[in-house]
Amino acid sequence: MPALGAGPYLSPEGRMHMEFRRKDLLGIADLEAGEIRHILDTARSLKEISTRPIKKVPTLRGKTVVTMFYEPSTRTRMSFEIAAKRLSADTLNLTVAASSTVKGETLADTAANLEAMQPDLLVIRHQASGAPHYLARRLKCGVINAGDGIHEHPTQALLDLLTVEEAKGTLAGLKVAIIGDIAHSRVARSDIHAFTKMGSEVTLAGPATMLPPYLETMGVRTTCSLTEAVTGADVIMMLRLQLERMGQMFLSTLREYSAHFGLATRHLALAKDDVIIMHPGPMNRGVEISPEVADGAHSVILEQVTNGVAVRMALLYLLIGGEKEG
Amino acid sequence: MSLLITGGTVVDPAQGLEEVWDLLIEDGKIAALEPPGTIPGEGRRVVDAKGLVVAPGLIDMHVHLREPGEEYKETIETGARAAAQGGFTAVACMPNTRPVNDSSSVTRFILDQAARAGYARVYPVAAVSVGSEGQALSEYGDLKAAGAVALSEDGRPVASSLLMRRALEYAKTFGLPIISHCEDLDLRAEGVMHEGLVSLELGLWGIPAAAEEVMVFRDLNLAYLTGARLHVAHVSTFGSVQIIRWAKSVGIEVTAETAPHYFSLTDEAVRGYDTHAKVNPPLRTAEDAAAIREGLADGTLDAIASDHAPHSSLEKDVEFAAAAFGLIGLETSLGLSLKLVHEGVLTLRQLVEKMSTNPARILGVPGGSLKVGGPADVTLIGLHQGWVVDASTFASKSRNCPFNGWALRGRAVMTIVGGKIVSGEQ
């Protein structure tokens, strides 16, 4: 492991960590709590680089990071790109419209061709759950899941953890409410794993059409009442409502959704005094979250974006920052 | 040619037989079945079956042979060879070919190809509706005359309850059973695996057990209404077993089958996004698998059929959601089913009933028994022979087998069709 400064990396607690030995980051479900801790600590130490006048360190010089996005994304792709550039990696972006997939090439062939150009890491977003896993099995280079179908979005969950821990000083014992379309949300799935692994208590809320059965078996509480979910909460995370769900019988009207599941100022009084409000973006202002709440004093939505860069720098560093033996 | 099989344990439920007897085959028929040593071996080819089970030829009543139209996945010849290898002397092939088997000409083509191939008998199952499009009834009388033994819309279930009613009535007219693939496609929606904890965690859309059960209940109601013969294909859920058990108890004319994967695997097999575990109906939970075993043991489920569904890597080596449903089963079905015998879920006699006697009865085809005068379709089974599943050695053209590497106990040692040894000749 090459040193960031000097010597083996030490966490704030002074514990020396074992090397992060994964080739890929595919989901939070696969991670141990200790690995999550390690990623968060690494992110915290790298965050400072982004505040320097010259926001660049040579750590990943000579490494190539390819981002492959089969779904539209601005924030996540930019965040990965900035993270890679701040560590001096070369980046190459492949978006679906410009790629050869429109010519009917299979995912395996596209990936094999990319790999033939010897990248060090592939960051992929794909509409099919499991697509990053499929690639990771076939490719020698590392793979980071930047969101697969309705499965996981692990880097989002990690930046959420970092944001909450910065605001609260801890993750253990916090009451976290996640509100909205759980069924279609890869953010929710990753956050459920992430927060429960780190000792938080998670409550999910939304209309029953969006709360699939068996959620409780993942170690969370569920309720159809927004009020119930936010009462006593330390953290309220609002999920983006995908507007096309209306035509698919998951909800009736936006008006009704907003009235029952939109977060407004009046709800904040029910939560802890120092509650923080989060949203993975992009927001539908006035649908799942009122502008007053989104822009209010409790909102940490932009801190999430800042931390996104730090977490992704940490992952790039941990996955391709050193020569791994064996 | 004359073939004498000596010293094996003859298990023939149709004759209430389970003891060491000798079996004489002449001119493609069972010529004699006698206590050991009573039939002279001189001038005959003698097969020493000591330590083996001599069963009426196994019949897999639910397979997909892909010909015509998708010969790159399987042909009638490779499928029939896989059948023989797996101990099956006959198979019933589903009509979802290209073109769909909705006409006597396609039915005859299948029979011609099967005759050319040899290996196993092939019984075509024809389509319920023209093109399996769920609009107009196909010509059941004509199809039966050409050799179709049943009707089905396997893979493209009948959505219209009215069409299903008319199909049952029209099939009754010609004495054909309808094999129903019970699935509410609307309720399945975008589902690609069983709806449960695993689908939730993997972020894959689920197919609820209810998508099968509501249609099982509908079709049983319609069978009751019409008095027609209904056979429920590939039962996979606890609820379906309960409903069928109830239907039988009130006298509704129904038979049902399940497939080895429903009592051998659960939805846990999908973890890792293994497309070989993508099948429809989907692999369910341990509770469902236990109910399937119970249903087999108490006779609610009459038959074990593989639902052999060959696919190439083009359909399987892709993202999970994009992969085709289906797995191959002809060469693992017996080995997996024998586990039920070894585990005490089924007696050997029950197993033979479910893999030979009952399929023959349900389809109304010859075989299913070793009665003197009947066709000499015989399967010799080495009950305790251990082997390891290696799909690369299969006779089937396809390799979509989720059991690769499994150690199984018991396999077909020899398969005889019409007095001819089609597999296992030493």
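The values are calculated or read from the model by the stated rules, or taken from the named source; none is laboratory data. Note that the structure is predicted; figures quoted are calculated from it, not measured. Neighbour counts run over all protein chains shown; Cβ positions are idealised from the backbone, glycine included.
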Residues of the stretch B:372-400 satisfying the condition of being surrounded by fewer than 16 Cβ atoms within 10 Å (Cβ to Cβ) and not in a strand (DSSP E or B):
B:372, B:373, B:390, B:392, B:393
Count of residues meeting criterion [polar (S, T, N, Q) and either farther than 25 Å from residue A:265 by Cβ or within 14 Å of another protein chain (Cβ to nearest Cβ) (or both)] in the stretch A:217-234:
2
If you go through the stretch B:339-347 one residue at a time, do you hit one that is assigned to a loop (DSSP other than H, G, I, E, B), in contact (Cβ under 8 Å) with a residue 12 or more places away in the chain, surrounded by 19 or more Cβ atoms within 10 Å (Cβ to Cβ) and not basic (Lys, Arg)?
yes
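Listed here are the residues, each with its yes/no results for (1) farther than 25 Å from residue A:76 by Cβ; (2) acidic (Asp, Glu).
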site: A:220; (1), (2): no, no
site: A:224; (1), (2): yes, no
site: A:228; (1), (2): yes, yes
site: A:250; (1), (2): no, no
site: A:255; (1), (2): yes, no
site: A:258; (1), (2): yes, no
site: A:286; (1), (2): no, no
site: A:289; (1), (2): no, no
site: A:302; (1), (2): no, no
Can you tell me which residue is surrounded by the most Cβ atoms within 10 Å (Cβ to Cβ) among those in the stretch A:61-95 that are of a type in the set (A, V, I, L, M) and over 11 Å from residue A:124 (Cα atoms)?
A:83
Within the stretch B:297-318, which residues are touching a helix residue (DSSP H, G or I) at 6+ places or on another chain (Cβ under 9 Å) and surrounded by fewer than 24 Cβ atoms within 10 Å (Cβ to Cβ)?
B:297, B:298, B:299, B:315, B:316, B:317, B:318
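Kindly establish whether residue B:108 is over 27 Å from residue B:413 (Cα atoms) and of a type in the set (Lys, Arg).
Yes: the conditions hold for residue B:108.
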Given the criterion more than 14 Å from every other protein chain (Cβ to nearest Cβ), surrounded by fewer than 22 Cβ atoms within 10 Å (Cβ to Cβ) and in a helix (DSSP H, G or I), identify the matching residue among B:294, B:353.
B:294
Name every residue in the stretch B:31-71 that is of a type in the set (Val, Ile, Thr) and outside any loop (DSSP other than H, G, I, E, B), in order of residue number.
B:46, B:47, B:53, B:54, B:59, B:63
Could you tell me whether any residue of the stretch B:269-277 is assigned to a helix (DSSP H, G or I), touching an Asp or Glu at 6+ places or on another chain (Cβ under 7 Å) and either small (Gly, Ala, Ser) or surrounded by 24 or more Cβ atoms within 10 Å (Cβ to Cβ) (or both)?
no
If I ask for residues that are surrounded by fewer than 16 Cβ atoms within 10 Å (Cβ to Cβ) and either among the basic types (Lys, Arg) or out of contact with any helix residue (DSSP H, G or I) (no Cβ under 9 Å at 6 or more places or on another chain) (or both), which ones from the stretch A:249-282 would you list?
A:255, A:256, A:259, A:266, A:269, A:273
With respect to the numbered conditions (1) touching a Phe, Trp or Tyr at 6+ places or on another chain (Cβ under 7 Å); (2) farther than 17 Å from residue B:351 by Cβ; (3) not polar (S, T, N, Q), which one is the sole condition not fulfilled by residue B:29?
(1)
Just checking, does the stretch B:185-195 include any residue being surrounded by fewer than 19 Cβ atoms within 10 Å (Cβ to Cβ), away from chain A (no Cβ under 14 Å) and modelled with pLDDT of 95 or more?
yes
Failed condition for residue B:321, given (1) within 14 Å of another protein chain (Cβ to nearest Cβ); (2) part of a helix (DSSP H, G or I); (3) surrounded by 24 or more Cβ atoms within 10 Å (Cβ to Cβ)
(3)
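Could you grab me the full set of residues in the stretch B:133-143 that are part of a helix (DSSP H, G or I) and hydroxyl-bearing (Ser, Thr, Tyr)?
B:140
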The stretch B:356-371 - residue that is part of a loop (DSSP other than H, G, I, E, B) and out of contact with any Asp or Glu (no Cβ under 9 Å at 6 or more places or on another chain) and, of those, farthest from residue B:89 (Cα to Cα):
B:364
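Conditions (1) assigned to a loop (DSSP other than H, G, I, E, B); (2) surrounded by fewer than 16 Cβ atoms within 10 Å (Cβ to Cβ); (3) within 18 Å of the chain's Cα centre (by Cα); (4) among the aliphatic types (A, V, I, L, M), marked per residue:
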| position | (1), (2), (3), (4) |
| --- | --- |
| B:131 | no, yes, no, no |
| B:145 | no, yes, no, yes |
| B:151 | no, no, yes, yes |
| B:154 | yes, no, yes, no |
| B:158 | yes, no, no, yes |
| B:164 | no, no, no, yes |
| B:171 | no, no, no, yes |
| B:179 | no, no, yes, yes |
Going through the stretch B:113-129 one residue at a time, which ones are part of a helix (DSSP H, G or I) and surrounded by 24 or more Cβ atoms within 10 Å (Cβ to Cβ)?
B:114
All strands (runs of 3 or more DSSP E) inside the stretch A:82-188 with 1 or more residues being within 13 Å of chain B (Cβ to nearest Cβ)
A:121-126, A:142-148
Here is a list of conditions, (1) part of a helix (DSSP H, G or I); (2) away from every other protein chain (no Cβ under 14 Å); (3) more than 17 Å from residue B:291 (Cβ to Cβ); (4) in contact with a strand residue (DSSP E or B) (Cβ under 8 Å, 6 or more places away or on another chain), and residue B:216 meets all of them except one; can you say which number that is?
(3)
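Within the stretch A:229-240, can one find any residue that is of a type in the set (A, V, I, L, M) and either at pLDDT below 95 or more than 24 Å from the chain's Cα centre (by Cα) (or both)?
no
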